[in-house]
Structures are given as structure tokens and as C-alpha cells.
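I have placed the structure first, in the form of C-alpha cells, so that the comments after it can refer back to it.
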Amino acid sequence: MLENKTQNTKEYPGGINAETIKNLCDKFQRYNSIAPELFKTYHVKRGLRNEDETGVLAGLTRICNVHGYLIDEGEKLPVPGDLIYRGISIRDLVKGCRADDRFGFEETIWLLLFGYLPDAQTLDDFTKLLASCRELPRDFTEDVMMKATSSNIMNQLGRSVLSLYSYDKNPEENSLQNVLRQSILLIARMPTMMVNAYQVKRRRFDNETLFLHPLKPGHSTAESILATMRPDEQFTSEEAKLLDLCLMLHAEHGGGNNSSFTCRVLSSTGSDTYSAISAAIGSLKGPRHGGANIKVTEMLEFIKEGVKNWNNDDEISDFLRKLLRGEVGDGAGLIYGMGHAVYTISDPRAEILKLYAGKLADKTEYAEEFHLLEAVERLSPAIFHEVKGSDKFICANVDMYSGMVYKILGIPTDLYTPLFAVARIVGWCAHRIEEMTTGKRIMRPAYKSVSRSQPYVQIQERKTII
Ligand code: COA
């Protein structure tokens, strides 16, 4: 049911006062509920999930496999998770790049878009191509991003992507050539848009100095982000490689993840690239999706405040119980950073990030916070089963430790979810192209109508509803 949270708000911009909106909400609530049992009656696949919580099969893809369980004689069996980009495990991809001490995000982009690993020359050419596309159109920041700015960088990113339509001489053509061209430009420009949106936000909302450093041609994506984000443009190779790792881990997650599916839904209508990508950004922003990384950080602050002894499991468990009951925290009843629609025993991205976060935090001011997150991960499954009475497996997901890594890198909280978007746009573009070339049918699921029929009454004869 729609919550009525307007009591304390006297006036809404646009002139609707609190009393009016409260009355409208009361009227809405009287006629707009659907009894939960009806979803069972009509076998509705809520959240597009089957009864055993597996996802409804909506398509075929060559891009990625998110492996979190096995089906044995019709039963769902939990297994350790794996994330497989174009047939290659993310662990191997990361290991390969780390062994050569080189950046891996550009290689990941090539792999996801084209389906195979690039040789050294191809990778070098592609990295240079991306770097050459990173610049935004002339005066874009001044004319678009500095006007009617919002304090939310995800909102700024969505608006900016939509506005790029106006700067494209061929925005509508959905041929492979044109969409690939748009995709490469968008992937390259996302980090620049993110950093510029952040700088503009700081100036406008935080009263800080605005600086827009020029882009350096030889920089990888991760280096470019760190150089343009920091006032002194300085960073270490270790820092850039760590951010690069985060980008690799976030680049793709199958066709069923909400933002990629959103992108596929829009692509299935034949809509343009800018509309499809900005819609995906809107999806990722949600706290149950990419927005969870900020929520984990917020939750950690609630725990730090609410738990006196961070080494006391009983005290932490009590707090988690209250979190699940919606009595503390943001009241949503969620333990952010825990749970996943596909993974059961483990999320490989969380495991990799935890390893790095643990090493980085060790013997620093962040060590205690890291151990607190570890405790949340360790204690949550049992508390979840106890409070919810559910036998669902919940493990730490990618968002549990990513915020900690960003914090250690000195990345502001404002950029946690936008960084996810900077990486995930690769998956969105790959899925858009796949949907256009292999789907070829508008997505159009069904909604069973449960409304009662009512006669049309002439306006003079209608009763006033108070
Ligand atoms: N904390 C509390 N309850 C949780 C939960 C969590 N982390 N994860 C799942 N649940 C609950 C749901 O609230 C729901 O309960 P209900 O039946 O009483 O409404 C039940 O488990 C099933 O949830 P559902 O959303 O259908 O399961 P899912 O496996 O598809 O959920 C997430 C996936 C990620 C949306 C869910 O685990 C979640 O909201 N996690 C917290 C947010 C988060 O970390 N998101 C990042 C995703 S990478």
C-alpha cells in the first residue's frame, strides 16, 4: 500500500499543499488495493519469479551466465556462485589481468561486446579508441549538466544520456553499425559525465570549488576517473588497478538483472539507444538494485550508532533482528548487501571484493568497520531465517564490500552507484545489441485484470466521495 508520508510536509513545489495531497492519498487507498492472496489464486509470477524462486525464463543470451544453483530432479540445489562473461569465469579474467599487472576493464568491454578476448594489438587499439571518445561534446557540461542540476548523480547521468540524443546526428537508426558506434561513445563518455556531474553537484549543493580537469589521452578508464575526480589529479597505480577491478566486477550480470532487462524491454520496442540506456540508469538507481551500495554504507552507520560493542555478536544480532522488523535503520526491513535473486551460497564478486577490502583495511582506521561488515555477513543468514521464518539462502552480495573499497579509495559516497552505472553500461549495450539482433519481438507480458465492472455515470449524477 502507498505510504502516506506527507504529514510533516506543508507545501510541495508546484503548489500542492499537504492537506490536498493527504486527501488524494486517502481516496487512492480506498479504491486501489489488491488482496495478496489473489496473486496466488491467479498464479502470478511476482517479481517474474517461479515458485521455487528461480527466474522466469525470458530469453536466451550468449553474453553472461550468473550461476547460483543447480536444478536436480526439479529441486533447487544451492551451489557456490560463479559469474561467467562470454564463457570465461570472472575469477579467471581477474586473475589473468592481475598476473600481467595490467588494466582489465577495457579488455572486459571488448569481451562483453564482441564475444572473444582481444589480442594485444586489438586491445591496444580499442583502449586508444575509448580514450579518444571520452571527451563530451563541446559545451555539453555548461549547456546541459550545469543547468537545472540535481543533487543526485544517477539522476544527472540519466538526464545527460538522454540529452546526448540532441548531439547525435543519427540518433534513431537502429542498425548494428549505428548502435555499436553509439554504445562505444556512451561507454567512453559515462565516466566523464559522472565526474562532471559530481563536480557540478559539489559546486551547486555543497558550496565547493568547481574544477574540471582536462582528460589525459593515455589514461585507462580507472585512471581517468581518479585523475579527474581528485583536486590534485594524483593517484597510485595500486589505486587505479583496484578501481579497475571494481569496474570489471560490475560490468555485467546476465539479461535478467533489472537494469539490463529494462534496457532489453525498451530495445524490444525499437526505441533509440539514449532512451534505453537512460531507462537502465533509472533502474540501477533503486536501493534493491545498484542503489544498495549506498544503502550498505548508510546501514553501517546505523549499526555503528546502535551497537555499543562491535565485537559482541549478540548485540549485533539484536540490531539485525530490529533491522529486519523495520524498527531501526531506514525502516525498509532489509539487511542491505545481503541476498540475491540467483546466488545462494556465495556471490563471487562479494568474495573477491571482500578479499581486497580486508587486505586494504587491515591495520588501518577501517579495520573495525570491515570486521563489523564481516559480522553482518556471518550473522545475517541465521537471523533472517529466525525472523522471516524462511529457508531461503541469503549470502553477501556485491554491494556488501564495494562501498568499503570505495571509501578506502577516497571515493565520495555520491559516486558509489554512479560507478556501478559506469561499469554496467557495458552489459546494457551488449544486451541491447543482442536483443535487437536476436530478440526481434516486443516484450509484452500479461496482467490479469481484477477490477470490477462499473457503469459509466453521467457527471451530474455522481456522488461526492469524502
Ligand atoms: N533483507 C531482508 N529481507 C530480505 C533480504 C534482505 N537482504 N533479501 C530478501 N529478503 C526477503 C524479502 O524482503 C522477501 O520477504 P517477503 O516475502 O516477506 O516480502 C523475501 O526475502 C524474498 O525476497 P525477494 O526480493 O523476492 O528475493 P530475491 O532473492 O529476489 O531478492 C534482493 C533479491 C537483492 C532484491 C534482496 O535480497 C534484497 O532486497 N537485498 C537487499 C538489497 C541489496 O543488497 N541489493 C543488492 C542486490 S545485488
> Once you charge only the Cβ atoms, +1 for Lys and Arg and -1 for Asp and Glu, what is the size of the charge dipole of the chain about its Cα centre, to the nearest 20 debye?
Replying inline: 1780 debye
> In square nanometres, what is the average projected area of the Cα convex hull of the stretch 154-229?
Replying inline: 6.0 nm²
> So what does the Cα-only Debye profile of the stretch 81-140 read at q = 0.25 Å⁻¹, as log10 I(q)/I(0), no solvent term?
Replying inline: -1.07
> Taking 0.36 nm per residue of separation and subtracting the Cα-Cα distance, what length does fully extending Gln234 through Ser390 add?
Replying inline: 51.3 nm
> Tell me, what % of the accessible area of the stretch 293-361 is carbon and sulfur with a 1.4 angstrom probe?
Replying inline: 50 percent
> Could you list log10 I(q)/I(0) for the stretch 1-148 at q = 0.13, 0.19, 0.21, 0.22 Å⁻¹, which the Debye formula gives when each Cα is one point scatterer?
Replying inline: -0.93, -1.13, -1.28, -1.35
> Picking from Ile225, Ile465, Ser237, whose Cα lies most toward the positive end of the charge dipole for the chain (charges on Cβ: Lys, Arg +1; Asp, Glu -1)?
Replying inline: Ile465
> Taking only DSSP H segments of four or more residues, each worth -39500 (n - 2.57), what value at 222 nm results for the chain once the sum is divided by all its residues, to the nearest 500 deg cm²/dmol?
Replying inline: -16000 deg cm²/dmol
> Across 10 Å bins from 0, what is the distribution of all Cα-Cα pair distances for the stretch 65-216, in whole percents?
Replying inline: 9, 28, 28, 23, 10, 2, 0
> Near the amide H of Val328, under 5 Å away, which other amide H atoms are found, from residues 5 or more places off or on another chain, if H is placed in the peptide plane?
Replying inline: Leu323
> Per residue, how much accessible area does the stretch 292-408 have with a 1.4 Å probe, in Å²?
Replying inline: 44 Å²
>> Please list 3J(HN,Hα) in residue order for the stretch 143-154, calculated via the Karplus relation 6.51 cos²θ - 1.76 cosθ + 1.60 where θ = phi - 60°; whole Hz, with x for glycine and proline.
In response: 7, 10, 6, 8, 9, 6, 5, 10, 7, 9, 5, 5
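Would you kindly state how much longer the chain becomes between Ser453 and Cys25 on full extension, computed as 0.36 nm times their sequence separation minus their alpha carbon distance, in nm to one decimal? Don't skip to the end; give the middle numbers.
Numbers: separation 428, 0.36 × 428 = 154.08 nm, distance 2.27 nm.
Gain in length upon complete extension: 151.8 nm.
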> How about the stretch 243-343: which GluC sites (Glu not before Pro) there lie in a loop by DSSP and see at most 11 other Cβ atoms within 10 Å?
Replying inline: Glu327
> Going by the alpha-carbon gyration tensor, a ≥ b ≥ c the square roots of its eigenvalues, is the stretch 336-402 rounded (a/c under 1.5) or, if a/c is not under 1.5, prolate (a/b greater than b/c) versus oblate?
Replying inline: oblate
> For the stretch 132-204, what % of the accessible area comes from carbon and sulfur atoms, probe 1.4 Å?
Replying inline: 48 percent
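Using the per-residue mean of other Cβ atoms lying within 10 Å as a proxy for protection, in what order, highest first, do the peptides 262-274, 356-368 fall?
Values: 262-274: 21.2, 356-368: 14.8.
With the highest mean Cβ count within 10 Å placed first, the list reads 262-274, 356-368.
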> Cα convex hull of the chain: how many Å³ per residue?
Replying inline: 197 Å³
> To one decimal place, what orientation-averaged projected area in nm² is obtained for the convex hull of the Cα set of the stretch 325-365?
Replying inline: 4.5 nm²
>> Considering only C-alpha atoms, what is the centroid distance from the stretch 278-330 to the stretch 341-403, in Å?
In response: 12 Å
> What's the long-distance tail for the stretch 292-408, i.e. % of Cα pairs beyond 21 Å?
Replying inline: 31 percent
> Which net charge results when you count Lys and Arg as +1 and Asp and Glu as -1 among the other residues whose beta-carbon is under 12 Å from that of Ala361?
Replying inline: -1
> Arg91 to Glu75: extension gain in nm, 0.36 nm per residue of separation minus the Cα-Cα distance?
Replying inline: 3.0 nm
> For Gly55, which sequence-distant residues (separation of 5 or more, or a different chain) have an amide H within less than 5 Å of its own amide H, given hydrogens modelled in the peptide plane?
Replying inline: Asn50
>> Out of the total accessible area of the stretch 51-111 (probe 1.4 Å, heavy atoms of protein only), what percent is carbon and sulfur?
In response: 51 percent
>> Using each residue's phi in the stretch 14-23, evaluate 6.51 cos²θ - 1.76 cosθ + 1.60 at θ = phi - 60° and report the 3J(HN,Hα) Karplus result to the nearest Hz, with x for Gly and Pro.
In response: x, x, 8, 7, 4, 4, 4, 5, 5, 4
> With θ set to phi - 60° and the Karplus curve 6.51 cos²θ - 1.76 cosθ + 1.60, what are the ³J(HN,Hα) couplings of the stretch 174-179 in order, to the nearest whole Hz, using x for Gly and Pro?
Replying inline: 9, 6, 4, 4, 6, 6
> Put a dot 7 Å past each Cα toward the Cβ at Gln121 and Asp52; how far apart are the dots in nm?
Replying inline: 5.0 nm
> Among 414-424, 119-129, 431-441, what's the highest-first ranking by average C-beta atoms within 10 angstrom per residue?
Replying inline: 414-424, 431-441, 119-129
> Computed FRET efficiency, Cβ-Cβ of Lys440 and Ile34, R0 51 Å: what is it to the nearest 0.05?
Replying inline: 0.95
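The values are calculated or read from the model by the stated rules, or taken from the named source; none is laboratory data. Remember, predicted model here, so these are calculated numbers, not experimental data. For neighbour counting, all protein chains shown are included, and Cβ atoms are generated from backbone atoms with ideal geometry for every residue, glycine included. Surface accessibility is based on the protein's heavy atoms, side chains included, excluding ligands, DNA and RNA. Shrake-Rupley method; radii C 1.70, N 1.55, O 1.52, S 1.80 Å.
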